[in-house]
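Report on one structure; see the data block that follows.
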Amino acid sequence: MRLGLDTYSLRWQDWDAFNLLEYAAGLGLDNVQFSERATLASLDQSYLESVRRRAAGLGLSVEVGMLSFDCYSSLFRAEYGSGEQQLADLVRAAWVVGSPARRPSRTARARPIQSARGRVPACPASHRAARA
């Protein structure tokens, strides 16, 4: 069995990705899940590659995730772009760091507004701007 930590549980420490990797390795864990984008200083390929290399050097695997891609969720972060853009960024980051899993959350405290057909409408620009 492989054991790891979810960085969300340590967010109060205000550690960067490398501190979190070191902490997990020091505990003898196997994996670190960066479950929110804010834990990673950047999504630039060179930065993500450095995270991947450091994790590999410590014998750790890495997983990436995000809080919510639903613009009506209280956890949605409009400053990172539309939900679609955030998902695309997550998939690319996961590929760069070698993450076998991606953990997007659409429903975390979500309160979608349903149209007459029962579909969730696209987030209006005014709603996105108000949340930013």
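Read-outs throughout are calculated quantities, based only on the coordinates presented, and are distinct from any laboratory measurement. Just so it is clear, the structure is predicted and the values come from calculations on it, not from any experiment. Counting neighbours? That spans all protein chains shown, and the Cβs are built from the backbone with ideal geometry, glycine included.
Using R₀ = 30 Å, calculate the FRET efficiency as 1/(1 + (r/R₀)^6) where r is the Cβ-Cβ separation of GLU49 and ALA78; round to 0.05.
Numbers: r = 28 Å, r/R0 = 0.92.
Step by step, r from the Cβ atoms, then E = 0.60.
How far apart, in nanometres, would the label points at LEU3 and TRP95 be if each is projected 7 angstrom from Cα along the Cα-to-Cβ direction?
About 3.5 nm separates the two model spin labels.
Quick one: which residues, 5+ away or cross-chain, put their amide H under 5 Å from the amide H of SER61? H built at 1.01 Å from N.
ASN31, VAL32
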